[in-house]
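A.B. asks: Just dropping this structure here.
Just so you know, all these numbers are worked out from the coordinates, no wet-lab data involved. None of the values given here were measured: they were computed from a predicted structure. When we count neighbours, we look across all protein chains shown, and the Cβ atoms used for this are built from the backbone with ideal geometry, even at glycine.
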Protein chains: 2
Amino acid sequence: MNFKVTPWEVKGKIDYDKLMNEFGIKPLPKLPKQFEENHLFRRNIIFGQRDFSRIIDAINNKQKFVMMTGLMPSGKFHLGHKIVADQIILYQSLGAKIYLAVADIEAYNSRHPNMKELQETAIKEYLTNYIALGLKPKNCDFYFQSKRSKDAKKANAYYKLAGLFARHATFNEFRAIYGELSPGKIMASLYQASDMFHPQLEEFEGQTPTAVPVGADQDPHLRIARDLGTRMKLYNFIQLSSTYNKFIQGLRNDKMSSSDPTSYIALTDSIEEATKKVKKYAFSGGQPTIDEHRKKGGNPNIDVSYQLLKVFFEPDDKKLKKIHDDYKSGKLLTSELKSILIEKLTNFLKKHHENRRKAEKEVDKFLQN
Amino acid sequence: MNFKVTPWEVKGKIDYDKLMNEFGIKPLPKLPKQFEENHLFRRNIIFGQRDFSRIIDAINNKQKFVMMTGLMPSGKFHLGHKIVADQIILYQSLGAKIYLAVADIEAYNSRHPNMKELQETAIKEYLTNYIALGLKPKNCDFYFQSKRSKDAKKANAYYKLAGLFARHATFNEFRAIYGELSPGKIMASLYQASDMFHPQLEEFEGQTPTAVPVGADQDPHLRIARDLGTRMKLYNFIQLSSTYNKFIQGLRNDKMSSSDPTSYIALTDSIEEATKKVKKYAFSGGQPTIDEHRKKGGNPNIDVSYQLLKVFFEPDDKKLKKIHDDYKSGKLLTSELKSILIEKLTNFLKKHHENRRKAEKEVDKFLQN
């Protein structure tokens, strides 16, 4: 394959069919309307799943279920992170109990030695933006791997599970799935398995279907966790249900990376900054000259502005189709397409920055658990 | 070398000078009288140390210090375990705060899948015998690795430390020290490092000299923990002080092993059983016939009965020397030597079994922490 997808590296042009085939990810089944109403599912931006039918059943039967996902608290919270945030909020609206793990121990063990900074980033960047995007404190358990709970029974149970999972892991498996290994990576993987399965411990929810929405690069962690969960006979876990979203292109059509501010739009970027980034960096699928564009048309599939509209800012399928068709026919110019995005983005950021100010006051409620 | 000492295997005739040289263990320094009064130190049964002067200083200066040690809760508690128990009680009498870790996560990760059985063994075999031998609930923190504390702050802090240590460990180091590796062994090693250093966290005692008395086979864990403690800059740990005791010969002069009841005397053995084991199995340094014994004399250095008197049952140096000399000269026969041991052992077991009955009522106090 001429692309590479691991939790530590994503490169090349990703062929999602090949990826699904190699990883063993299944396409989405027929979804109930609550999911179809969400454009991420409807547009196949969330393109695959494992055992997701359990979550559909739970929703259809009005049974309890959990949504669990993790965040690596480094750098700015940008549009690449919003795709999971949008799903968290969707699941909360569908009645899921939300578990959000701040992978601060994992972050420390990879490359971020400053625990205080990690915790600040988790709160100021991630949690505050989640709340501003609509996350509610009710039914939400937001925690740090390094400080699981103020309830000792819960804390002990969570860490015990991570500790016991070690017995059921093998080097060969880690190596086959992760490639190069280190004690820190092994620890991270065992903590992640506990993050994903511990909601099912009796100290938490008990046996419960658990949805884990992730980017496709996180599937190796899921595969390890699934195997560990199966082998762990001390508990009777229900297997995890996971969904996979496609990667969001970086502004310049390469990787969206926290270490390069010209590759992303952060949710704390000012409207001016964001506008400037779109104008200056957003990779265009249009032709070099207006004449040529009118004649040959643009390519929306590689145009970053179009992609951002598709993934985040134009939930109306008809309107999106018109933009798509007009751009493809050459009727819509790149500058005009960018203007559409900028207007939508401006409205979003304006409202979001207001919401962030309100959210800052709510943060404490989330940290009370 | 024609002996092997690892945490998982001890075999061959151990040359302690070579062992100290290879491991980097130092001989005991001049000890204050509180230690000299204890025959384990005085007779060089505790033969080596690392950084033990810190503990001596703390005692001399009446400063706070900690004694931490762990136990693997498998099988019967036998004389091979009593040597560390005797030290625990010595340190408690010297004013140390005692930390006792039940390595149940480590046990699960090695070969003991039944967590309930592990916890029962820890309490019925280890803790009850410790109490019967004189351990007091005051200043004693007895805990399970799987359930660190009823205080959530303490629990979180302990596990966090184990999690963060992973960053500072390398495979090469693990491999060099442990040989063959597995995720379970790595986890065990990181938990052990947290066991040894966590008493110094602010949630526990704060920076404090910490004595770790262990068998010589446990030094690899100490070496890893010392390195991790040094590299961990988030905390300002005082380096560990450790002491090393010699191995107790098995009854038949091979390994004292929990899996072979003829190799040990358990502290719950009845007086009849224990007597029978000494008579039947205790390896003799005497000669094949009485005549020959009278003529050539016996070898107390390889005689198991003599060794048990030396390590456990005859604290009076003069009396021990007389037994030694009489046996060596041939004046004392093997059967007579065994009778001396049996009398001492009978007195000990009788009193100990009584103490165990009292201890059973005190167990709960220790589990309240």
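A.B. asks: What FRET efficiency, computed as 1/(1 + (r/R0)^6) with R0 = 30 Å and r the Cβ-Cβ distance, is obtained for A:L181 and B:K11, rounded to the nearest 0.05?
C.D. replies: 0.45
A.B. asks: Here is a further query. Taking a quarter of the surface of the Cα convex hull of the stretch B:289-333, what do you get in nm²? Before the final figure, lay out each step's value.
C.D. replies: On the way: hull surface 11.3 nm².
For the stretch B:289-333, the mean projected area of the Cα convex hull comes to 2.8 nm².
A.B. asks: For the cross-link pairs A:K280/A:K361; A:K116/A:K246; A:K185/B:K26; B:K116/B:K185, which exceed 30 Å when the distance is taken from alpha carbon to alpha carbon?
C.D. replies: With Cα atoms farther than 30 Å apart: A:K280/A:K361; A:K116/A:K246; A:K185/B:K26.
A.B. asks: Quick one: P(r) of the stretch B:139-190 from all Cα-Cα pairs, 5 Å bins, percents rounded to integers, in order of increasing distance.
C.D. replies: Pair shares across the bins are 4, 17, 24, 19, 14, 12, 8, 2.
A.B. asks: If I fit a long axis through the Cα atoms of helix B:271-281 and take the longest principal axis of the Cα atoms of chain B, what angle between them do I get, 0 to 90°, rounded to 10?
C.D. replies: The answer is roughly 70 degrees.
A.B. asks: Magnitude of the Cβ-charge dipole of the stretch A:261-356, K/R +1 and D/E -1, about the Cα centre, nearest 20 debye? Write out the running numbers ahead of the final one.
C.D. replies: Numbers: 19 positive and 14 negative charges, 24 e Å.
So the magnitude is around 120 debye.
A.B. asks: Further question on the same structure: Of all trypsin sites (Lys or Arg not before Pro) in the stretch B:139-207, which ones are in loop regions per DSSP and have a Cβ with at most 16 other Cβ atoms within 10 Å?
C.D. replies: When the trypsin sites (Lys or Arg not before Pro) of the stretch B:139-207 are filtered for loop state and at most 16 Cβ neighbours within 10 Å, B:K150 remain.
A.B. asks: Treat every Asp and Glu Cβ in chain B as -1 and every Lys and Arg Cβ as +1, leave all other atoms uncharged, and give the resulting dipole magnitude about the Cα centre to the nearest 20 debye. Write out the running numbers ahead of the final one.
C.D. replies: Numbers: 60 positive and 44 negative charges, 85 e Å.
About 420 debye.
A.B. asks: Please sort A:190-203, B:274-287 by packing, taking for each peptide the average over its residues of neighbouring beta carbons within 10 angstrom, highest first. Walk me through the intermediate numbers first.
C.D. replies: Working: A:190-203: 23.4, B:274-287: 18.8.
Peptide ranking by packing, descending: A:190-203, B:274-287.
A.B. asks: Please identify the trypsin sites (Lys or Arg not before Pro) of the stretch A:13-67 that satisfy two criteria: DSSP loop assignment and at most 12 other Cβ atoms within 10 Å. Which are they? Each step should come with its number before you reach the end.
C.D. replies: Details: sites: A:K13, A:K18, A:K30, A:K33, A:R42, A:R43, A:R50, A:R54, A:K62, A:K64; in loops: A:K13, A:K30, A:R43, A:K62, A:K64.
Passing sites in the stretch A:13-67 are A:K13, A:K30, A:K62.
A.B. asks: If you don't mind, there's one more thing I want to ask. What is the Cα centroid distance between the stretch B:153-199 and the stretch B:1-56, reported in whole angstrom?
C.D. replies: 24 Å
A.B. asks: What is the extension gain from A:K30 to A:Q239, computed as 0.36 nm multiplied by their sequence separation minus the C-alpha to C-alpha distance, in nm to one decimal?
C.D. replies: Working: separation 209, 0.36 × 209 = 75.24 nm, distance 2.02 nm.
Computed gain between A:K30 and A:Q239 is 73.2 nm.
A.B. asks: For chain B, take the longest principal axis of its alpha carbons; what is the angle in degrees between that and the long axis of helix B:183-197, to the nearest 10 within 0 to 90?
C.D. replies: 90 degrees
A.B. asks: OK, next. Antiparallel versus total DSSP beta bridges in chain A: what percent is that, nearest 5?
C.D. replies: Details: 13 of 31 bridges.
About 40 percent, rounded to the nearest 5.
A.B. asks: How much of the DSSP beta bridge set in the protein assembly as shown is antiparallel, as a percent to the nearest 5? Write out the running numbers ahead of the final one.
C.D. replies: Numbers: 26 of 62 bridges.
Here the antiparallel bridges make up roughly 40 percent for the protein assembly as shown.
A.B. asks: While we're here: Report, in deg cm²/dmol and to the nearest 500, the calculated mean residue ellipticity at 222 nm for chain B, where each DSSP H run with n ≥ 4 adds -39500 (n - 2.57) and the sum is divided by the residue count. Show your work: numbers first, answer last.
C.D. replies: Details: 17 runs with 178 residues, N = 369.
That calculation yields -14500 deg cm²/dmol at 222 nm.
A.B. asks: Can you report the principal axis dimensions of the stretch B:3-247 using only the alpha carbons, biggest first, rounded to whole angstrom?
C.D. replies: Principal extents (largest minus smallest coordinate, Cα): 41, 41, 39 Å.
A.B. asks: Relative to the Cα centre, what is the charge dipole magnitude of the protein assembly as shown, using +1 at the beta carbon of each Lys and Arg, -1 at the beta carbon of each Asp and Glu, and rounding to the nearest 20 debye? Each step should come with its number before you reach the end.
C.D. replies: Numbers: 120 positive and 88 negative charges, 80 e Å.
So the dipole magnitude of the protein assembly as shown works out to roughly 380 debye.
A.B. asks: Another question about this same structure. Kindly give the distances from B:K321 to its copy-mates, label point to label point, with each label point 7 Å from Cα along Cα→Cβ, as nm values to one decimal ordered shortest first.
C.D. replies: Computed spacing set for this position: 10.5 nm.
A.B. asks: On to the next question. Could you estimate the translational diffusion coefficient of the stretch A:261-356 from the Stokes-Einstein equation, with Rh from the Kirkwood formula over C-alpha pairs, at 10 °C and 1.306 mPa s, in whole µm²/s? Before the final figure, lay out each step's value.
C.D. replies: Details: Rh = 13.6 Å.
For the chosen part, D equals 117 µm²/s.
A.B. asks: Starting from the Kirkwood radius over alpha-carbon pairs of the stretch B:84-179, derive D by Stokes-Einstein at 20 °C in a medium of 1.002 mPa s and give it in µm² s⁻¹.
C.D. replies: Details: Rh = 15.4 Å.
Approximately 139 µm²/s, per Stokes-Einstein.
A.B. asks: Okay, next question. Which whole-number percent of Cα pairs in the protein assembly as shown have a distance greater than 42 Å? Write out the running numbers ahead of the final one.
C.D. replies: Details: 111991 of 271953 pairs.
Distances greater than 42 Å cover 41 percent of the Cα pairs.
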